[in-house]
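The values are calculated or read from the model by the stated rules, or taken from the named source; none is laboratory data. Because the structure is a prediction, the values reported are computed rather than measured. Every residue, glycine among them, receives a Cβ derived from its backbone with ideal geometry; neighbour counts consider all protein chains shown. Side chains are part of the model used for accessible areas, which takes the heavy atoms of the whole protein and leaves out ligands, DNA and RNA. Shrake-Rupley method; radii C 1.70, N 1.55, O 1.52, S 1.80 Å.
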Amino acid sequence: MRAEVERMYALHRKLKFPHGLRGADIDGVCMVTVDADASGCTQNWLVNRGVLNDDIFGTAARCLDDLHRVVPLFADPASPHHRPYAAHYYGRLREMVRLIVLDGAHHADPSRSP
């Protein structure tokens, strides 16, 4: 799983932020914030070899919820928010965060209280 997240993260970092979404709020989600937070959680997960503290895990879980809400809006041609590139961009971000949240649910940070 780590190799897959590393590959996706390397590809994601090469992508340009979707045009017109800087400062945009879609369905209650700030697109810049979710991008920065999800990327930061992913980088933290990679650097710390799959261990997330409670705060970072909580942020990753919140990002996943937010991304589950907006990606379908970008992907749906009938949506007023339809943007295929944004669906691709945020879809990759959602998949990375999904993997680290799934992994984080199985690997507790030793500093977490029992």
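A full extension of the chain between Leu11 and Arg49 corresponds to an added length of 11.8 nm, given 0.36 nm per residue minus the alpha carbon distance. Sequence-distant contacts, meaning Cα pairs under 8 Å at least 6 residues apart, place the relative contact order of the chain at 32 percent.
For the chain, the carbon plus sulfur part of the accessible surface works out to 54%, probe radius 1.4 Å. Packing here is the average count of other Cβ atoms within 10 Å per residue, and on that basis the peptides 34-44, 71-81, highest first, run 34-44, 71-81.
The modelled label-to-label distance for the pair His68/Leu102, using points 7 Å beyond Cα in the direction of Cβ, is 1.3 nm. Only one of the values [x] 7.8; [y] 8.4; [z] 7.1 was calculated from this structure for mean projected area of the Cα convex hull in nm²; name its label. Answer by label: [z].
Taking the centroid of alpha carbons for each part, segment 6-32 and segment 37-68 are 15 Å apart. Rounded to the nearest Hz, the phi-derived 3J(HN,Hα) couplings of segment 39-54 under the Karplus curve 6.51 cos²θ - 1.76 cosθ + 1.60 (θ = phi - 60°) are 5, x, 5, 5, 4, 4, 4, 5, 5, 9, 6, x, 9, 10, 6, 4, where x marks glycine and proline.
At a probe radius of 1.4 angstrom, the accessible area of the chain per residue rounds to 56 square angstrom. Under the simplified labelling scheme, the Asp25-His88 pair shows an inter-label distance of 3.0 nm, with each label point 7 Å from Cα along Cα→Cβ.
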